[in-house]
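Presented below is the structure to which this report refers.
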Amino acid sequence: MTPQEMAEACARAMWNNDSTSQRLGMTLDHIGPGTAVLSMTITEAMSNGHGNCHGGYIFTLADSTFAFACNSYNQLAVAQHCSVSYLLPVRIGDRLTATATEVSRRGRSGIYDIRITTQDGAHVAEFRGHSRSVKGTHLPD
């Protein structure tokens, strides 16, 4: 199995059990070794008291993207630490795209940067996730 085929198989296995991403209307637009792209349209149910997208939904999109990227090697990986910086408000109806890039993967630790943009290309948030590999795999041996 090629690294790309492995990433795709792991993503399918994860997606089948990921009710949060599915119920929020996320789509998995791209997967590859150490990389992932997910997108989601912001609904009125996701708005905060200011009428903008609640930051927790932006974080959730980024976190899901991070999870698919760091789990693309058939080794279970979990978040060890995450941080997000919000750059611009997001409006109801905006379509957000989160793009994960692997910065480093050594031993059991990984670092991933996730850039979140709108349908117009506005850069609205930056997320950095630190992963930790744990026992287990997504696919049977």
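What follows is calculated from the coordinates using simple rules that are stated; it is not laboratory data. Nothing here was measured: the structure is a model prediction, and the numbers come from that model. Cβ atoms come from the backbone with ideal geometry, glycine included; neighbour counts cover every protein chain shown.
Here are some notes:
- For region 3-133, a simple Cβ point-charge model (Lys and Arg +1, Asp and Glu -1, everything else neutral) yields a dipole of about 340 debye relative to the Cα centre.
- Karplus-derived HN-Hα couplings along region 120-132 (A = 6.51, B = -1.76, C = 1.60, θ = phi - 60°), whole Hz, x at Gly and Pro: 8, x, 5, 7, 9, 7, 10, 10, 10, x, 10, 9, 9
- Zone residues, region 91-108, relative to Ala122, backbone N less than 12 Å from point 7 Å out along Cα-to-Cβ: 91-96
- The alpha-carbon atoms of the chain define a convex hull whose volume equals 101 cubic angstrom per residue.
- The helix-only estimate of mean residue ellipticity at 222 nm for the chain, built from DSSP H runs of length n ≥ 4 each weighted as -39500 (n - 2.57), is -8000 deg cm²/dmol after division by the residue total.
- q = 0.13, 0.23, 0.26 Å⁻¹: log10 I(q)/I(0) that the Debye formula gives for region 38-116, counting C-alpha atoms only: -0.43, -1.03, -1.22
- Here the Karplus curve 6.51 cos²θ - 1.76 cosθ + 1.60, taken at θ = phi - 60°, turns the phi angles of region 94-100 into couplings of 5, 9, 9, 10, 10, 10, 9 Hz, with x standing for Gly and Pro.
- Folded to 0 to 90 degrees: helix 3-17 orientation relative to the chain principal axis, Cα: 60 degrees
- Estimated distance in nm for a label pair at Thr27 and Gln80, the labels positioned 7 Å out from Cα along Cα-to-Cβ: 3.5 nm
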